[in-house]
Amino acid sequence: MNEIRQLQEIIDKSDNIVFFGGAGVSTESGIPDFRSESGIFKSLQKYGHRPEYLVSHSYYMEHTEEFFNYYKENLIFKDAKPNPAHLKLAELEKAGKLKAVITQNIDGLHQKAGSKNVLELHGSIHRNYCEFCKREYDLDFILKSEGIPRCECGGIVKPDVVLYEEPLNNDVLSSSINYIANADTLIIGGTSLVVYPAAGLINYFNGSKLVLINKSETPYDNLASLVINEAIGETLEQIKI
(Lines give C-alpha, C1' and ligand atoms only; values in the text may rest on other atoms or scores of the structure.)
Protein backbone atom coordinates (compact mmCIF):
# COMPACT_ATOMS: atom_id res chain seq x y z
CA MET A 1 0.00 0.00 0.00
CA ASN A 2 1.33 3.42 -0.99
CA GLU A 3 0.39 4.98 2.38
CA ILE A 4 2.43 2.38 4.28
CA ARG A 5 5.42 3.08 2.02
CA GLN A 6 5.07 6.81 2.77
CA LEU A 7 4.84 6.13 6.50
CA GLN A 8 7.88 3.86 6.36
CA GLU A 9 9.84 6.58 4.58
CA ILE A 10 8.85 9.22 7.15
CA ILE A 11 9.88 6.96 10.05
CA ASP A 12 13.15 5.96 8.34
CA LYS A 13 14.16 9.61 7.92
CA SER A 14 13.18 10.72 11.43
CA ASP A 15 15.03 10.31 14.72
CA ASN A 16 12.80 12.48 16.92
CA ILE A 17 9.31 10.98 16.71
CA VAL A 18 6.56 11.58 19.27
CA PHE A 19 3.41 9.47 19.30
CA PHE A 20 0.10 10.82 20.60
CA GLY A 21 -2.68 8.25 20.99
CA GLY A 22 -6.31 7.96 22.01
CA ALA A 23 -8.93 5.28 22.68
CA GLY A 24 -8.49 3.72 19.22
CA VAL A 25 -5.05 2.44 20.25
CA SER A 26 -6.66 0.26 22.94
CA THR A 27 -9.78 -0.91 21.10
CA GLU A 28 -7.65 -3.42 19.18
CA SER A 29 -6.77 -4.94 22.58
CA GLY A 30 -10.48 -5.48 23.27
CA ILE A 31 -10.96 -2.37 25.39
CA PRO A 32 -14.14 -0.64 24.18
CA ASP A 33 -14.31 3.13 23.87
CA PHE A 34 -16.83 4.04 26.56
CA ARG A 35 -17.72 7.19 24.58
CA SER A 36 -18.64 5.19 21.46
CA GLU A 37 -22.27 4.77 20.38
CA SER A 38 -22.53 1.36 22.05
CA GLY A 39 -20.84 2.71 25.20
CA ILE A 40 -23.30 5.59 25.43
CA PHE A 41 -26.26 3.27 24.81
CA LYS A 42 -25.04 0.85 27.49
CA SER A 43 -24.55 3.57 30.13
CA LEU A 44 -27.92 5.21 29.40
CA GLN A 45 -29.69 1.85 29.52
CA LYS A 46 -28.08 0.61 32.74
CA TYR A 47 -27.27 3.81 34.67
CA GLY A 48 -29.61 6.38 33.13
CA HIS A 49 -26.74 8.79 32.38
CA ARG A 50 -24.19 9.47 29.64
CA PRO A 51 -20.68 8.08 30.31
CA GLU A 52 -19.15 11.58 30.55
CA TYR A 53 -21.31 12.28 33.60
CA LEU A 54 -20.65 8.85 35.15
CA VAL A 55 -16.89 9.52 35.12
CA SER A 56 -17.16 13.16 36.19
CA HIS A 57 -15.90 14.71 39.40
CA SER A 58 -19.49 15.69 40.28
CA TYR A 59 -20.76 12.12 39.99
CA TYR A 60 -17.78 10.82 41.96
CA MET A 61 -18.52 13.27 44.80
CA GLU A 62 -22.29 12.86 44.83
CA HIS A 63 -22.71 9.15 43.96
CA THR A 64 -19.39 7.65 45.04
CA GLU A 65 -20.50 4.00 45.29
CA GLU A 66 -22.29 4.10 41.92
CA PHE A 67 -19.20 5.76 40.41
CA PHE A 68 -17.03 2.83 41.51
CA ASN A 69 -19.56 0.30 40.17
CA TYR A 70 -19.48 1.97 36.75
CA TYR A 71 -15.71 2.51 36.84
CA LYS A 72 -14.91 -1.13 37.66
CA GLU A 73 -17.31 -2.47 35.06
CA ASN A 74 -16.48 -0.14 32.16
CA LEU A 75 -12.96 1.26 32.54
CA ILE A 76 -10.93 -1.66 33.89
CA PHE A 77 -9.88 -4.52 31.64
CA LYS A 78 -7.22 -6.26 33.67
CA ASP A 79 -6.61 -9.10 31.21
CA ALA A 80 -6.16 -6.87 28.13
CA LYS A 81 -2.87 -7.40 26.31
CA PRO A 82 -0.80 -5.01 24.19
CA ASN A 83 -1.64 -5.11 20.48
CA PRO A 84 0.69 -4.55 17.47
CA ALA A 85 0.45 -0.75 17.90
CA HIS A 86 1.78 -0.87 21.47
CA LEU A 87 4.49 -3.37 20.52
CA LYS A 88 5.70 -1.44 17.47
CA LEU A 89 5.89 1.83 19.45
CA ALA A 90 8.00 0.08 22.10
CA GLU A 91 10.30 -1.17 19.28
CA LEU A 92 10.60 2.34 17.85
CA GLU A 93 11.58 3.68 21.26
CA LYS A 94 14.16 0.93 21.73
CA ALA A 95 15.61 1.79 18.30
CA GLY A 96 16.07 5.40 19.47
CA LYS A 97 13.59 6.87 17.00
CA LEU A 98 10.60 7.44 19.28
CA LYS A 99 11.21 9.87 22.16
CA ALA A 100 7.85 9.75 23.94
CA VAL A 101 4.41 8.17 23.91
CA ILE A 102 1.69 10.58 24.99
CA THR A 103 -1.56 8.77 25.70
CA GLN A 104 -5.12 9.61 26.68
CA ASN A 105 -5.61 5.99 27.76
CA ILE A 106 -5.49 4.83 31.36
CA ASP A 107 -4.90 1.10 30.84
CA GLY A 108 -1.09 0.91 31.14
CA LEU A 109 -0.75 -1.19 27.96
CA HIS A 110 2.10 0.91 26.57
CA GLN A 111 4.22 0.09 29.63
CA LYS A 112 3.15 -3.55 29.44
CA ALA A 113 4.45 -3.61 25.84
CA GLY A 114 7.83 -2.27 26.97
CA SER A 115 7.60 1.49 26.39
CA LYS A 116 9.59 3.41 28.99
CA ASN A 117 8.75 7.07 28.39
CA VAL A 118 4.95 7.15 28.59
CA LEU A 119 3.13 10.36 29.48
CA GLU A 120 -0.38 9.53 30.72
CA LEU A 121 -2.52 12.63 30.25
CA HIS A 122 -5.53 11.07 31.96
CA GLY A 123 -3.70 9.05 34.62
CA SER A 124 -3.73 5.29 35.16
CA ILE A 125 -5.98 2.61 36.63
CA HIS A 126 -2.84 1.03 38.11
CA ARG A 127 -2.23 3.91 40.54
CA ASN A 128 -4.67 4.58 43.36
CA TYR A 129 -4.26 6.63 46.51
CA CYS A 130 -6.05 7.45 49.74
CA GLU A 131 -7.49 10.95 49.52
CA PHE A 132 -6.80 11.49 53.22
CA CYS A 133 -3.36 10.01 54.03
CA LYS A 134 -2.09 9.60 50.40
CA ARG A 135 -1.16 5.93 50.91
CA GLU A 136 -0.85 4.17 47.53
CA TYR A 137 -2.81 1.10 46.46
CA ASP A 138 -2.65 -1.19 43.41
CA LEU A 139 -5.41 -2.13 40.98
CA ASP A 140 -6.25 -5.39 42.77
CA PHE A 141 -7.18 -3.46 45.89
CA ILE A 142 -9.82 -1.55 43.92
CA LEU A 143 -11.12 -4.66 42.17
CA LYS A 144 -11.43 -6.66 45.39
CA SER A 145 -13.11 -3.90 47.38
CA GLU A 146 -16.85 -3.99 47.99
CA GLY A 147 -18.69 -0.73 47.46
CA ILE A 148 -16.43 2.26 48.13
CA PRO A 149 -12.73 1.28 48.48
CA ARG A 150 -11.41 2.55 51.79
CA CYS A 151 -7.92 2.93 53.24
CA GLU A 152 -6.96 1.61 56.67
CA CYS A 153 -7.26 5.20 57.88
CA GLY A 154 -10.86 5.36 56.65
CA GLY A 155 -10.23 7.64 53.66
CA ILE A 156 -11.59 6.86 50.20
CA VAL A 157 -9.06 5.27 47.83
CA LYS A 158 -9.42 7.20 44.56
CA PRO A 159 -8.02 6.05 41.21
CA ASP A 160 -5.26 8.32 39.87
CA VAL A 161 -7.44 9.01 36.84
CA VAL A 162 -8.41 12.46 35.57
CA LEU A 163 -12.20 12.68 35.69
CA TYR A 164 -14.32 15.05 33.64
CA GLU A 165 -14.28 18.53 35.28
CA GLU A 166 -10.82 17.85 36.73
CA PRO A 167 -7.67 19.51 35.35
CA LEU A 168 -4.89 17.55 33.69
CA ASN A 169 -1.70 17.09 35.68
CA ASN A 170 0.42 20.19 34.97
CA ASP A 171 3.77 18.37 34.93
CA VAL A 172 2.52 15.73 32.50
CA LEU A 173 0.92 18.39 30.30
CA SER A 174 3.98 20.65 30.13
CA SER A 175 6.27 17.68 29.48
CA SER A 176 3.96 16.54 26.66
CA ILE A 177 3.99 20.02 25.13
CA ASN A 178 7.78 20.09 25.31
CA TYR A 179 8.17 16.74 23.53
CA ILE A 180 5.69 17.71 20.80
CA ALA A 181 7.25 21.15 20.28
CA ASN A 182 10.70 19.59 19.75
CA ALA A 183 9.68 16.61 17.61
CA ASP A 184 10.45 16.47 13.90
CA THR A 185 7.65 13.92 13.35
CA LEU A 186 4.36 13.69 15.24
CA ILE A 187 2.29 10.54 14.73
CA ILE A 188 -1.26 10.77 16.06
CA GLY A 189 -3.27 7.56 16.22
CA GLY A 190 -6.62 6.28 17.40
CA THR A 191 -8.12 9.65 18.28
CA SER A 192 -10.62 11.88 16.51
CA LEU A 193 -8.94 14.94 18.12
CA VAL A 194 -12.14 16.41 19.55
CA VAL A 195 -11.59 16.02 23.32
CA TYR A 196 -9.90 19.08 24.81
CA PRO A 197 -7.51 20.08 26.26
CA ALA A 198 -5.66 17.00 24.96
CA ALA A 199 -6.62 17.60 21.31
CA GLY A 200 -5.09 21.10 21.49
CA LEU A 201 -1.60 19.61 21.93
CA ILE A 202 -1.28 19.30 18.15
CA ASN A 203 -1.02 23.10 17.98
CA TYR A 204 2.43 22.96 19.64
CA PHE A 205 3.94 20.87 16.86
CA ASN A 206 6.57 22.73 14.82
CA GLY A 207 8.15 19.78 12.99
CA SER A 208 7.99 18.82 9.34
CA LYS A 209 5.89 15.62 9.31
CA LEU A 210 2.43 15.26 10.85
CA VAL A 211 0.91 11.78 10.44
CA LEU A 212 -2.72 11.05 11.35
CA ILE A 213 -3.81 7.41 11.63
CA ASN A 214 -7.48 7.05 12.55
CA LYS A 215 -10.42 5.07 11.19
CA SER A 216 -12.48 8.25 10.75
CA GLU A 217 -11.49 11.73 9.65
CA THR A 218 -10.32 14.39 12.11
CA PRO A 219 -10.56 18.21 12.09
CA TYR A 220 -6.80 18.32 11.41
CA ASP A 221 -6.62 16.08 8.33
CA ASN A 222 -5.99 19.06 6.03
CA LEU A 223 -2.81 19.94 8.01
CA ALA A 224 -1.29 16.47 7.87
CA SER A 225 1.59 15.28 5.68
CA LEU A 226 -0.05 11.85 5.64
CA VAL A 227 -3.54 10.63 6.60
CA ILE A 228 -4.26 6.91 6.96
CA ASN A 229 -7.89 5.94 7.66
CA GLU A 230 -7.14 2.48 9.01
CA ALA A 231 -6.79 0.80 12.40
CA ILE A 232 -3.60 1.92 14.13
CA GLY A 233 -2.38 -1.59 15.04
CA GLU A 234 -2.88 -3.00 11.56
CA THR A 235 -1.03 0.03 10.16
CA LEU A 236 2.00 0.08 12.47
CA GLU A 237 2.38 -3.70 12.27
CA GLN A 238 3.54 -3.29 8.66
CA ILE A 239 6.39 -0.92 9.56
CA LYS A 240 9.92 -2.35 9.52
CA ILE A 241 12.50 -1.08 12.01
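A compact table of results
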{"item": "D_trans [Stokes-Einstein, Kirkwood Rh over alpha-carbon pairs] for the range 9-125, 25 °C, 0.890 mPa s, µm² s⁻¹", "result": "158 µm²/s"}
{"item": "The range 165-226, dipole about Cα centre (Lys/Arg Cβ +1, Asp/Glu Cβ -1), debye to the nearest 20", "result": "240 debye"}
{"item": "Per-pair calculated FRET efficiency, R0 = 30 Å: Gln45 and Leu143 via Cβ, rounded to 0.05", "result": "0.80"}
{"item": "Rounded to the nearest 10 Å², the accessible area of Lys42 at probe 1.4 Å", "result": "90 Å²"}
{"item": "Cα gyration tensor of the range 130-241 - equivalent ellipsoid semi-axes, whole Å, descending", "result": "37, 17, 13"}
{"item": "For the range 102-165, size of Cβ-based charge dipole, Lys and Arg +1, Asp and Glu -1, in debye", "result": "140 debye"}
{"item": "Net lengthening on full extension, Ala181/Glu3 (0.36 nm per residue, minus Cα-Cα)", "result": "61.6 nm"}
{"item": "Simple label model, 7 Å out from Cα along Cβ direction - Tyr196 to Glu217, nm", "result": "2.1 nm"}
{"item": "Residues whose placed amide H lies under 5 Å from that of Arg135, excluding near-sequence neighbours", "result": "Cys130"}
{"item": "Rotationally averaged projected area of the range 74-132 (alpha carbon convex hull; nm²)", "result": "4.7 nm²"}
{"item": "Where a label projected 7 Å from the Cα of Ala80 along Cα→Cβ would reach, residues of the range 206-225 with amide N under 17 Å", "result": "215"}
{"item": "Lys94-Ser36 FRET efficiency (beta carbon distance; Förster radius 25 Å; 0.05 resolution)", "result": "0.20"}
{"item": "The range 45-179: translational diffusion in µm²/s, Stokes-Einstein, Kirkwood Rh over Cα pairs, 20 °C, 1.002 mPa s", "result": "133 µm²/s"}
{"item": "The range 22-39 - phi-based ³J(HN,Hα) in whole Hz, Karplus 6.51/-1.76/1.60, Gly and Pro as x", "result": "x, 4, x, 6, 8, 4, 6, 9, x, 9, x, 7, 5, 9, 6, 4, 5, x"}
{"item": "Theoretical gain in end-to-end length, Arg150 to Thr64 [0.36 nm per residue, Cα-Cα removed]", "result": "29.8 nm"}
{"item": "DSSP beta bridges in the chain [antiparallel fraction, %, rounded to 5]", "result": "25 percent"}
{"item": "In the range 24-91, lysine pairs with alpha-carbon atoms under 25 angstrom apart (chain gap of 8 or more, or interchain)", "result": "7"}
{"item": "Cβ-derived FRET efficiency at R0 35 Å, Glu136 paired with Asn229, nearest 0.05", "result": "0.30"}
{"item": "Once the Cα gyration tensor of the range 28-92 is diagonalised, semi-axes √(5λ) in Å", "result": "28, 13, 10"}
{"item": "Furthest towards positive pole of dipole, Pro32, Leu7, Phe20, structure part the range 5-45, Cβ charges", "result": "Pro32"}
{"item": "Inverse of mean 1/r across different Cα pairs in the chain, Kirkwood, Å", "result": "18.7 Å"}
{"item": "The range 1-67 - percent of accessible surface contributed by carbon and sulfur, probe 1.4 Å", "result": "50 percent"}
{"item": "Cα-centre dipole for the range 130-241 with unit charges at Cβ (Lys and Arg positive, Asp and Glu negative), debye to 20", "result": "140 debye"}
{"item": "Net charge of Cβ neighbours under 14 Å - reference Leu212; Lys, Arg +1; Asp, Glu -1", "result": "-2"}
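The values are calculated or read from the model by the stated rules, or taken from the named source; none is laboratory data. Since the model is a prediction, treat every value here as computed from it, not as a measurement. Cβ atoms come from the backbone with ideal geometry, glycine included; neighbour counts cover every protein chain shown. In case anyone asks, the SASA skips ligands and DNA or RNA and just uses the protein heavy atoms, side chains included. Shrake-Rupley method; radii C 1.70, N 1.55, O 1.52, S 1.80 Å.
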